[in-house]
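Working notes for the structure below.
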Amino acid sequence: MGTLIDIQSLNLYYGTFHALKDVSMDIPEKAITAFIGPSGCGKSTLLRTLNRMNDMIPGTRIEGQIAVGGTDIYSREVDVETLRKKVGMVFQQPNPFPKSIYDNVAYGPRLHGIRSKGKLDEIVETSLRSAALWGEVKDHLKRSALSLSGGQQQRLCIARALAVNPDILLMDEATSALDPISTLKIEELAQDLKDRYTIVMVTHNMHQAARVSNQTVFFLNGEVVEYSDTEKLFSNPRDQRTEDYISGRFG
Amino acid sequence: MRSEVTQPMKASGKSPIKLDFRNEKSHLLDKIVPILLFLCAALSILTTIGIVFTLITETFQFFQKVSIMDYLFGTKWSPLIDPKSFGVLPLLSGTFMITIIACIVAIPLGLASAIYLSEYAHKRVRKIIKPILEVLAGVPTIVYGYFALSLITPLIRGIFPDTGVFNALSAGIVVGIMIIPMVCSLSEDAMSAVPRSLRDGAYALGATRFEVALKIVVPAALSGIVASAVLAFSRAIGETMIVTVAAGATPKLTADPLESIQTMTAYIVQVSMGDTPHGSIEYGTIFAVGMTLFIITFLLNILAQYVARRFREEY
């Protein structure tokens with residue numbers, strides 16, 4: 001497994017608040033890497049630096065380097081829209097657009113210039129299939145996305161992200177607003193998708209990290225405490241703080 | 001909650017602790033205040049009923065003297081000069097010409113400034129610009145009227161020298177400028193109410209700011225935007241002072257905005273200021289025209305509410 005994302009001594013400040021402290025890590029391709037840690041530890045912040053969603057928060061300042069596929073994504077030549085096309089994201093709350101199921105999935109491809117109906121139909125179908133939603137919605141693609149259940153909406157958001165053909169999929173606590181059965185479906189989906197995509201997920205639920213991820217990173221107060229293979233981190237943590245956290249002593 | 005304690009509280013139960021829940025405050029205010037508030041609300045309702053009642057009775061009397069068909073479909077309006085004729089179409093066409101010009105000015109400009117304020121402007125810029133826009137909405141319309149007459153009309157005459165001193169274009173443009181703040185403010189409210197998560201969803205797919213504004217925010221806020229446009233339309237129809245000052249007093253069925261026209265509102269002003277005897281047929285016209293105006297704006301307001309509900313893209 002090669003390294004796809006290479007983070008070097010990353011520091012991030014929101015105004016005067018030092019949100020990420022000297023973070024360095026290599027994230028391998030075609031695997032699931034999970035970020036865990038208590039609220040406010042910086043795990044979502046780091047995730048959002050990977051597709052530069054933090055750019056939109058005024059007062060954010062970044063030092064250090066993040067290279068995705070060998071390119072520093074904060075360098076001047078990088079076009080942030082192209083970056084986001086390659087680094088898709090799924091959010092905590094399902095956020096389908098108030099449009100039809102079809103138009104939700106076709107939104108990204110249309111944005112990037114695909115107009116042909118045949119091509120769009122094909123992308124919509126493959127994306128919905130990849131997101132394990134096709135069987136449930138294929139007969140009413142024109143129906144409003146908001147008529148779907150929460151779990152279906154979240155899979156629709158995954159399909160929408162996959163439709164622009166990204167290399168990386170960021171999942172920001174993508175199951176925390178869902179019921180256990182929907183959560184399980186998304187976890188199974190992530191397992192299927194990792195053969196084709198590099199997945200980085202933030203989760204509040206360490207059991208989820210233990211169940212689905214290959215690597216786990218444990219954050220505390222903006223620092224990386226421990227980063228290792230998931231199995232090792234949960235069975236034999238090196239750091240006392242990791243052990244305290246995964247055994248439920250805090251957080 | 002009006003459960004009144006009529007008898008002294010009985011000590012009952014097994015608890016050795018004694019708590020007294022009798023009222024400590026006077027409830028007099030709580031009884032009077034709702035009555036006062038109700039009277040305030042009733043006052044405005046009564047006023048409305050009074051206005052509608054007067055309009056209806058006076059209009060009814062008018063239509064006993066003038067045929068309603070002549071009124072609605074007549075193409076000549078000259079109730080003050082013989083031979084009298086009472087065709088309202090020239091006034092209607094004047095009103096709609098002003099309104100349409102005003103909307104052509106106000107809706108694109110208002111919407112564009114709303115998009116700027118909600119999607120582009122820095123928080124600080126918005127904090128400065130919004131109050132300024134609201135000041136613009138508070139300028140007395142007579143001031144706008146002279147603005148039209150003394151600035152816009154000469155500009156138009158510079159381009160089209162044949163234009164009259166009083167013309168529909170100048171008044172229409174200025175009515176439009178007057179309602180920009182309303183369109184902007186209502187549309188901006190609707191767009192700001194679109195949840196951040198929808199914008200994030202689009203940004204995460206690689207949308208630019210403009211694409212997010214145009215393809216996500218505007219559609220999601222469409223009901224509010226359309227409602228603001230309809231309200232703008234009805235505001236323009238009812239506008240009086242600007243058209244009285246700048247559009248002239250020539251009821252005319254014309255499609256040329258460079259000519260002098262007269263709107264329904266300006267006609268009412270003209271008659272009210274003259275010495276038309278009470279109870280005469282000329283006097284009756286202002287109620288008939290007022291009623292027509294009332295029905296149009298009433299229907300438009302209903303339309304605005306219907307549109308706001310119907311086109312809601314729920315989020």
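List for the range A:52-67: residues with 50 Å² or greater reduction in accessible area, all protein chains versus chain alone, probe 1.4 Å?
For the range A:52-67, once contacts with the other chains are taken into account, A:56 lose 50 Å² or more.
Kindly express, to the nearest 10 degrees and within the range 0 to 90, the angle between helix A:180-193's C-alpha long axis and the longest C-alpha principal axis of chain A.
Long axis of A:180-193 versus the principal axis of chain A: about 90 degrees.
Would you grab the residues whose amide H sits under 5 Å from the one on residue B:85? Only those 5+ places off in sequence or on another chain, please, with H modelled 1.01 Å from N.
B:78
Suppose accessible area is computed on protein heavy atoms with a 1.4 Å probe; arrange B:63, B:38 from highest to lowest. If you can, show how the numbers build up before the last one.
On the way: B:63 55, B:38 135 Å².
The ordering from most to least exposed comes out as B:38, B:63.
Find the relative contact order for chain B and round it to a whole percent, using C-alpha pairs within less than 8 Å whose residues are 6+ positions apart.
Values: 412 pairs, mean separation 76.0, N = 315.
Taking the mean separation of contacting Cα pairs over the length of chain B, I get 24 percent.
In whole Hz, with x marking every Gly and Pro, tabulate ³J(HN,Hα) for the range A:162-177 from phi via Karplus 6.51 cos²θ - 1.76 cosθ + 1.60, θ = phi - 60°.
6, 5, 9, 6, x, 9, 10, 10, 9, 10, 9, 6, 5, 10, 5, 9
Using a probe of 1.4 angstrom, how much of the accessible area of the range A:109-200 is carbon and sulfur, in percent? It would help to have the intermediate numbers written out before the result.
Numbers: 2010 of 4020 Å².
It is 50 percent, rounded to a whole number.
Go through the range A:210-223 residue by residue and turn each phi into a ³J(HN,Hα) via Karplus (6.51, -1.76, 1.60, θ = phi - 60°); whole Hz please, and just put x for glycine and proline.
5, 6, 10, 8, 8, 10, 10, 10, 9, 9, 8, 6, x, 10
Taking the full set of protein chains and a 1.4 angstrom probe, give the accessible area of residue A:243 in square angstrom, rounded to the nearest 10.
For residue A:243, the solvent-accessible surface is approximately 80 Å².
Could you report the buried accessible area between A and B, both sides summed, computed with a 1.4 Å probe and given in Å² to the nearest 100?
On the way: alone 11700 and 18860 Å², together 28790 Å².
Buried surface at the A/B interface: approximately 1800 Å².
Taking all protein chains in place and a 1.4 Å probe, what share, in percent, of the accessible surface of chain B do carbon and sulfur account for?
On the way: 12380 of 17960 Å².
Summing carbon and sulfur atoms, their accessible area is 69 percent of the total for chain B.
Out of residues 5 or more away from residue A:60 or on other chains, whose amide H comes under 5 Å of its own, with H placed 1.01 Å from N in the peptide plane?
Residues meeting the amide H criterion: A:15.
Stretch residue A:231-residue A:57 to full length: gain in nm at 0.36 nm per residue minus the Cα-Cα span? Intermediate results must be reported in sequence, preceding the final value.
Values: separation 174, 0.36 × 174 = 62.64 nm, distance 3.54 nm.
Taking 0.36 nm per residue and subtracting the Cα distance, the gain is 59.1 nm.
With θ set to phi - 60°, apply the Karplus curve 6.51 cos²θ - 1.76 cosθ + 1.60 along the range B:226-234 and write out the HN-Hα couplings as whole Hz, x wherever there is a Gly or Pro.
5, 4, 5, 5, 5, 5, 4, 4, 6
With a 1.4 Å probe and all protein chains kept in place, how much accessible area does residue B:77 have, in Å² rounded to the nearest 10?
10 Å²
Starting from the Cα of residue B:65, draw a straight line to each of the lysines and keep only those under 29 Å, dropping any in the same chain fewer than 8 residues away.
The qualifying lysines are B:76, B:84, B:252.
Report, to the nearest 10°, how far helix B:28-65 tilts away from the longest principal axis of the Cα atoms in chain B, using its own Cα long axis and a range of 0 to 90°.
Value to nearest ten degrees: 20.
Quantify, in whole percent, the carbon and sulfur part of the accessible surface of the range A:40-88 (1.4 Å probe; protein heavy atoms only). Walk me through the numbers on the way to the answer.
On the way: 1010 of 2180 Å².
Here carbon and sulfur together make up 47 percent of the probe-accessible area.
Relative to the Cα centre, what is the charge dipole magnitude of the protein assembly as shown, using +1 at the beta carbon of each Lys and Arg, -1 at the beta carbon of each Asp and Glu, and rounding to the nearest 20 debye?
Details: 54 positive and 52 negative charges, 164 e Å.
Dipole magnitude for the protein assembly as shown comes out near 780 debye.
At a 1.4 Å probe, which residues in the range A:93-113 are at least 40 Å² less accessible with all protein chains present than in their chain isolated?
Buried by the other chains: A:95, A:97, A:98, A:99, A:107, A:111.
So who's got an amide H within less than 5 Å of the one on residue A:174, skipping anything under 5 residues away but keeping other chains? H placed 1.01 Å off N, in plane.
A:202
Give me the accessible area per residue for the protein assembly as shown, probe 1.4 Å, as a whole number in Å². Mind showing how you got there, number by number?
On the way: 28790 Å² over 566 residues.
In whole numbers, the protein assembly as shown has 51 Å² accessible per residue.
Only Cα pairs under 8 Å and at least 6 apart count here; give the relative contact order of chain A as a rounded whole percent.
On the way: 473 pairs, mean separation 69.4, N = 251.
In percent, rounded to a whole number, it is 28.
The values are calculated or read from the model by the stated rules, or taken from the named source; none is laboratory data. If you're wondering where the values come from, they're calculated on a predicted model, not measured in any experiment. Virtual Cβ from ideal backbone geometry, glycine too; neighbours counted across all protein chains shown. These accessible areas exclude ligands, DNA and RNA; they are computed on the full protein's heavy atoms, side chains included. Shrake-Rupley method; radii C 1.70, N 1.55, O 1.52, S 1.80 Å.
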